[in-house]
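This report concerns only the one structure given below.
What follows is calculated from the coordinates using simple rules that are stated; it is not laboratory data. The structure displayed is predicted, hence computed values, not measured ones. No Cβ is skipped: glycine too gets one built from the backbone with ideal geometry, and neighbour counts run over all protein chains shown.
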Amino acid sequence: MAGVEEVRAGIALANQKMQEGIAALQQTNLVLEEAQQALVSATQGSTQEEMQHAHGMLAEAMQTINGVQGTLQATIASTEGYAGRL
């Protein structure tokens, strides 16, 4: 089994990578917000069901990304707590 310092180092690396993932997800959400604005602008006034569906799916994708970010942040908090107790 790995020593305490090796475990802490591994956790620190994992947390760093998760932080990088969170930053990438935040950037993705910014891009999707721009896509959403462009779609709203392009389809304003449309009552077509497929466009309403597209708007909904895009909003759902953004909401899912927000959920993933929250899950990663909770994971980081858990691993930091564990590392602190070692």
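Points to keep in mind about this one:
- Net charge, residue 79 excluded, C-beta distance under 12 Å - Lys, Arg +1, Asp, Glu -1: +2
- Relative contact order for the chain: 53 percent, from Cα pairs under 8 Å spaced at least 6 residues apart, divided by residue count.
- Karplus (6.51, -1.76, 1.60) ³J(HN,Hα), θ = phi - 60°, over region 37-47, in Hz, Gly and Pro reported as x: 4, 5, 5, 4, 4, 6, 10, 4, x, 6, 10
- The amide H of residue 46, built 1.01 Å from its N in the peptide plane, has no neighbour under 5 Å, considering only residues 5 or more places off or on other chains.
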